[in-house]
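Written out below as structure tokens is the structure these notes cover.
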Amino acid sequence: MNNLKENLENIRSRVDLACRTVGRSRQEVAVLAVSKRHATERIETLYSLGQAAFGENYVQEALDKIKRLESLAIEWHFIGPLQSNKTREAAGHFDWVQSADREKILRRLSEQRPAGLAPLNVCIQVNIDREPQKSGVLPEGAAALARLAATLPGLRLRGLMTIPRVATGDHDPSASYRRMKALFDELREAGAEMDTLSMGMSADLEQAIAQGSTLVRVGTDLLGPRPAGADA
Ligand SMILES: *Cc1c(COP(=O)(O)O)cnc(C)c1O
């Protein structure tokens with residue numbers, strides 16, 4: 001099981017410290033373990049250590065894991081780019097979709113969420129740095145999608161998600177995270193009921209928490225380097 005226990009303790013202390021540093025309550029920030037490309041055995045081990053929320057990026061890979069781990073009370077989050085021909089599987093097997101970024105995807109998830117299941121928790125993914133290649137709605141389009149998600153049956157709007165521009169010398173992700181928090185507050189003031197601001201990964205969770213993240217998505221620093229394969 002190598003060092004999963006130690007990794008989990010480290011991440012929890014980093015989150016504790018990040019919250020304390022900026023005077024936020026530890027209860028405001030949850031950790032999502034990003035398990036893409038990692039074996040189900042590692043997910044099982046982390047689960048046995050108390051980590052119950054897992055994020056996956058590839059629908060087919062995730063369905064296989066969800067099936068093999070169906071006896072565990074895992075909360076599954078889809079966080080990868082979602083094509084419209086995969087919405088049925090996503091709606092049928094995940095508890096959350098964090099990467100909804102257009103009307104067509106929201107409508108399909110709503111129509112395809114099985115009636116016997118609780119509403120699908122949805123975050124709108126925002127392309128906060130307006131990067132041409134990146135998934136996510138541009139910031140000015142987020143309000144309309146949030147309003148739509150809030151009204152569609154079978155969906156429960158939970159909040160916003162972002163992946164900022166890769167940090168380089170002259171670009172600090174804090175600025176992107178600050179703009180996301182401002183957008184989140186603006187939509188809430190306009191009436192959107194949202195409790196989740198999903199931002200921050202292994203390298204920058206402290207900066208994201210300082211700017212108001214309520215959910216950090218941690219892969220590498222929790223599960224280790226990802227085995228080779230196509231990355232997202
Ligand atoms: C892979 C991934 C992560 C985790 O990234 P790490 O840097 O390994 O912590 C978080 N969010 C999304 C959307 C991802 O695809």
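Laid out as a table, the results:
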{"quantity": "Subset of region 90-113 that is within 16 Å of the ligand (Cβ to nearest atom) and among the hydrophobic types (A, V, I, L, M, F, W, C) - its residue that is farthest from Val137 (Cα to Cα)", "calculated": "Phe94"}
{"quantity": "Residue among Ala208, Ala149 that alone is closer than 14 Å to Ile128 by Cα, surrounded by 23 or more Cβ atoms within 10 Å (Cβ to Cβ) and free of Cβ contacts under 8 Å to residues at least 60 places away in the same chain", "calculated": "Ala208"}
{"quantity": "Where a residue in region 42-61 is on the phi > 0 side of the Ramachandran plot and its partner, wherever it lies, is surrounded by fewer than 22 Cβ atoms within 10 Å (Cβ to Cβ) and assigned to a helix (DSSP H, G or I), with Cβ under 9 Å and at least six apart", "calculated": "Gly50/Leu8"}
{"quantity": "Identity of the residue in region 46-68, crowded, with 17+ Cβ neighbours inside 10 Å and not in a helix (DSSP H, G or I), that ends up nearest to the ligand (Cβ to nearest atom)", "calculated": "Asn57"}
{"quantity": "Members of region 211-228 found to be within 8 Å of the ligand (Cβ to nearest atom), surrounded by 22 or more Cβ atoms within 10 Å (Cβ to Cβ) and among the polar types (S, T, N, Q), listed by number", "calculated": "none"}
{"quantity": "Number of the condition not met by Gln83 [criteria: (1) within 16 Å of the ligand (Cβ to nearest atom); (2) surrounded by 14 or more Cβ atoms within 10 Å (Cβ to Cβ)]", "calculated": "(2)"}
{"quantity": "From Ile43, Ile105, Ile79, Ile66, residue being within 20 Å of Met201 (Cβ to Cβ) and in contact with a helix residue (DSSP H, G or I) (Cβ under 9 Å, 6 or more places away or on another chain)", "calculated": "Ile43"}
{"quantity": "Failed item in (1) among the acidic types (Asp, Glu); (2) part of a loop (DSSP other than H, G, I, E, B); (3) without any contact (Cβ under 8 Å) to a residue 40 or more places away in the chain, with Glu193 passing the rest", "calculated": "(3)"}
{"quantity": "Filter pass, Asn121 being within 15 Å of the chain's Cα centre (by Cα), at pLDDT 95 or above and surrounded by fewer than 21 Cβ atoms within 10 Å (Cβ to Cβ)", "calculated": "yes"}
{"quantity": "The listed residue being within 16 Å of the ligand (Cβ to nearest atom), of a type in the set (A, V, I, L, M) and under 28 Å from Arg107 (Cβ atoms), out of Leu160, Leu183, Leu155, Leu145", "calculated": "Leu160"}
{"quantity": "So Ser202, is it under 17 Å from Cys123 (Cα atoms), of a type in the set (S, T, N, Q) and either at pLDDT below 95 or within 15 Å of the ligand (Cβ to nearest atom) (or both)", "calculated": "no"}
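The values are calculated or read from the model by the stated rules, or taken from the named source; none is laboratory data. Model, not experiment: these values are computed from the prediction. Every residue, glycine as well, gets a Cβ built from its backbone with ideal geometry; the counts of neighbours run over all protein chains shown.
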